[in-house]
Amino acid sequence: MKRNIKRQEHAGLIITALIDIFVIVLVFLLRTVSAEGNLMTSADNLVLPMSTMAKSPTEVSLTIIGDDKSISVDGHQLVMTPDVMKQDSLLIKPILDVLVKKRAEEKKAEVLGIIKESTGKVVVQFDKNTPYDIVTKVMATAGYAGYNNIKFAVTRRNEEG
Amino acid sequence: MKKSSVKKHKARELDLLAIMNLFSILVTVTISMATFEKLGILDLWLPERGPAVADQQEQPDPGLLNLTVIVTNKGITIGAAGGFQPTTYYQEEVEYRSRSDQNVFRKIWIAGEQVKSPTDGKVMSPQERENIMLNVLSKKDSSDAGTFVYGVLNLEGDYLMDTAGVWLTQIPQVGALYQVVGGETMRKMDPVTQSYMKVEKLSAYQEIARTLWQIHKLYGQRDPLPADVDDIVILADGQIIYDKVIQLMDAAKAAGFDRVSLSLIGGEA
């Protein structure tokens, strides 16, 4: 035993196995990380519905988020969800006012050449337990304000890439 | 000089420390960038709002199918220009995941009922509903309690059909041909795939997807191709939860209907 120690004066660390692990971890991570990054982030406390037929997210100018408490446009809380549930009208006034203003700004930006095209795209993120009634009211409001290109945010299931 | 050095270090190890450093940095960077929940978007097809034409007589085109899926809290009905298909009745079963102890359990959903976790007795919030499954009930009429229909489920969440398009009720033998909704070719059963198969209650979404898929195949054979060959309207009750609408949109898209529009029963959205 003593002899052995004497012979190998420079007993280097054997890192080959560790390198193997790192290569595997790296390959796995590179597969999961998408090159395009995050175009869309999901809101907190929101369970999005699952979908197998969803497409990759594209760039959008506006996001409407609704959960069981409130509905917000671009991060600004505008109206409480129970109030929307109670109202009879399809149009939600506080949201409509904001959307009309935003749509006008978008059109102005298109005329000035700041953005290429004002497509009227809007992504709506709703909790999967939201009543459909609220979804239709938000959709109708968005459509009325000129946002005709409505997209639903979902969580992709069993998808590659 | 050279000779002696070779003698001293017979098997000189590669200096991998620099590579290790590089790898640890790369792994940290990729982990910080990684998103493990993949978000996607579902397109909605809305008819464009054009200027109203006053003189045009409102004559619906007789050649169009006007396919509509009507969903209520009891069943799903497919309707078209010619009439209605028999309603697919379902029972709603919810898989809960308790936020307090991550316990997963299933429960038949009854409107207005308070669901408590079997482990700690906490009342479940609607946000703790992880999976909402609609099990097909075979009924003679609407007053009948109905019996469950069973199907063979694969790992991807698709139910299997035989070559004629009828749901399989038993796991097929190795080498047998089967198909899934939206699949373009027949598949052959292999031992590995077979080991992952299980018999489960048939999902109403799959039942609807199969019917829509068959309609789409038949309708797509018409010559000339009708203008609304890829169109479908989902007509839902206001009390229906959003998840059901999204799952039906998925079913319609899997069946080949890409232009999905939504409507509200008794509404105008």
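The values are calculated or read from the model by the stated rules, or taken from the named source; none is laboratory data. Please read all numbers here as calculations on a predicted model, not as lab measurements. With ideal geometry, Cβ positions are generated from the backbone for all residues, glycine too; neighbour counts draw on all protein chains shown.
Give the residues of region B:240-252 that are in contact (Cβ under 8 Å) with a residue 40 or more places away in the chain and either within 7 Å of chain A (Cβ to nearest Cβ) or touching a helix residue (DSSP H, G or I) at 6+ places or on another chain (Cβ under 9 Å) (or both), sorted by residue number. Correct list: B:240, B:241, B:243, B:244, B:245, B:246, B:247, B:248, B:250, B:251, B:252. Residues in region B:147-182 that are touching a strand residue (DSSP E or B) at 6+ places or on another chain (Cβ under 9 Å), surrounded by fewer than 17 Cβ atoms within 10 Å (Cβ to Cβ) and among the small types (Gly, Ala, Ser): 4 in all.
When region B:97-125 is limited to residues that are within 12 Å of chain A (Cβ to nearest Cβ), over 25 Å from residue B:143 (Cβ atoms) and touching a strand residue (DSSP E or B) at 6+ places or on another chain (Cβ under 8 Å), the one that is surrounded by the most Cβ atoms within 10 Å (Cβ to Cβ) turns out to be B:124. Only residues that are modelled with pLDDT of 80 or more, among the basic types (Lys, Arg) and closer than 22 Å to residue B:227 by Cβ were counted in region B:48-104, giving 0.
Among the residues making up region A:50-63, those that are outside any strand (DSSP E or B) and either out of contact with any Lys or Arg (no Cβ under 7 Å at 6 or more places or on another chain) or among the aliphatic types (A, V, I, L, M) (or both) are A:53, A:54, A:56, A:57, A:58, A:59, A:60, A:62. Among the residues of region A:96-126, those identified as under 23 Å from residue A:55 (Cβ atoms) and basic (Lys, Arg) are A:116, A:121.
Restricting region B:183-226 to residues that are part of a loop (DSSP other than H, G, I, E, B) and in contact (Cβ under 8 Å) with a residue 40 or more places away in the chain, which is surrounded by the most Cβ atoms within 10 Å (Cβ to Cβ)?
B:202
Taking region A:64-94 as the range and being part of a strand (DSSP E or B) and either exposed (fewer than 12 other Cβ atoms within 10 Å of the Cβ) or more than 11 Å from chain B (Cβ to nearest Cβ) (or both) as the test, the residues that pass are A:64, A:65, A:70, A:71, A:72, A:73, A:76, A:77, A:78, A:79, A:80.
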